[in-house]
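One structure is given here, and the rest of the page talks about it.
Read-outs throughout are calculated quantities, based only on the coordinates presented, and are distinct from any laboratory measurement. Source: prediction; values computed, not measured. Please note: Cβ atoms are built from the backbone with ideal geometry, for glycine as well, and neighbour counts cover all protein chains shown.
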Amino acid sequence: MSIEYYNNLAYEEIGEENSETILFLHAKLLDKWIWKKQKEGYDRYFYGYHCIFLDLPNHGESICEEEFSIEKSSIEISEFISHIIHNKGIENVNIVALGISGSIAIEILNKNPHLIDTLIISGPEIADYKESESDSIANGLAKAQSEYLNEKSDIFITKAYLRYFGIKKEHYNDVERILDISINDERKIAFESLNYTIPESLKDNK
């Protein structure tokens, strides 16, 4: 599987292009490697589906100069989905999203519902209300976390993330890639994750 790019977004795909397309979106600080088991089990579990594994903006090989935000990421990924719809002959996509990518997917659903057929979300972090970044408790927590980790060794940080995400030690080298994310990006990603609220327009759709 080779890495492809659309603008700054890096992705891999497996399976023949068809209308049954699944877009896999990973959790914060990780990247598309987290879907290794799904890729390895394609013939058993996803045969016949066109599967795409995308790195979120400011993660993995999706290198972005601007700061990370859920809103910006939802726009960029919406553009990516529109691109594959128009160029690969499909009508919409099914999305599987973990953690912060669930929040991104909710934003896509809110603004461009026609792009999504089915949405499966696991573990999104939803705040009760949105805070301003300068006075935010979430921002203070994110800053404290990033400053604390900045003082620790790479081995300590990697082992801490293994425990945090519940990932087996065999993926140590994969998790170690989190260290490539700058402290500022890490703080911003943490703040966005902790400060996300459901759009008002979707709260009524119970």
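Side notes on the structure shown:
- Among 93-105, 17-29, the order from most to least packed when residues are scored by Cβ within 10 Å on average: 93-105, 17-29
- The lysines whose alpha-carbon is closer than 29 Å to the alpha-carbon of Lys39, local same-chain residues fewer than 8 away aside, are Lys28, Lys72, Lys88, Lys159, Lys168, Lys169.
- With contributions of -39500 (n - 2.57) from each DSSP H run of at least four residues, the per-residue ellipticity at 222 nm computed over the chain stands at -12000 deg cm²/dmol.
- Between Ile189, Leu109, Gly166, the Cα set farthest toward the positive side of the dipole of segment 4-203 (charges on each charged residue's Cβ, about the Cα centre) is that of Gly166.
- Charged-residue dipole, Cβ positions (Lys, Arg, Asp, Glu), the chain about Cα centre, Debye nearest 20: 740
- When only Cα pairs below 8 angstrom with a gap of at least 6 residues are kept, the chain shows a relative contact order of 22 percent.
- DSSP bridge pairs, segment 1-96: antiparallel proportion in percent, nearest 5: 50
- In order along segment 67-80, the Karplus-derived 3J(HN,Hα) couplings, from 6.51 cos²θ - 1.76 cosθ + 1.60 at θ = phi - 60°, round to 5, 5, 8, 5, 4, 4, 5, 5, 5, 5, 6, 4, 5, 5 Hz, and Gly and Pro are given as x.
- For Glu66, the shell of other residues with beta-carbons less than 12 Å away shows a net charge of -3, using +1 for Lys and Arg and -1 for Asp and Glu.
- Applied to segment 28-42, the Karplus parametrisation 6.51 cos²θ - 1.76 cosθ + 1.60 on θ = phi - 60° returns per-residue 3J(HN,Hα) values of 4, 6, 8, 8, 5, 4, 4, 9, 3, 5, 5, 5, 5, x, 4 Hz, with x for Gly and Pro.
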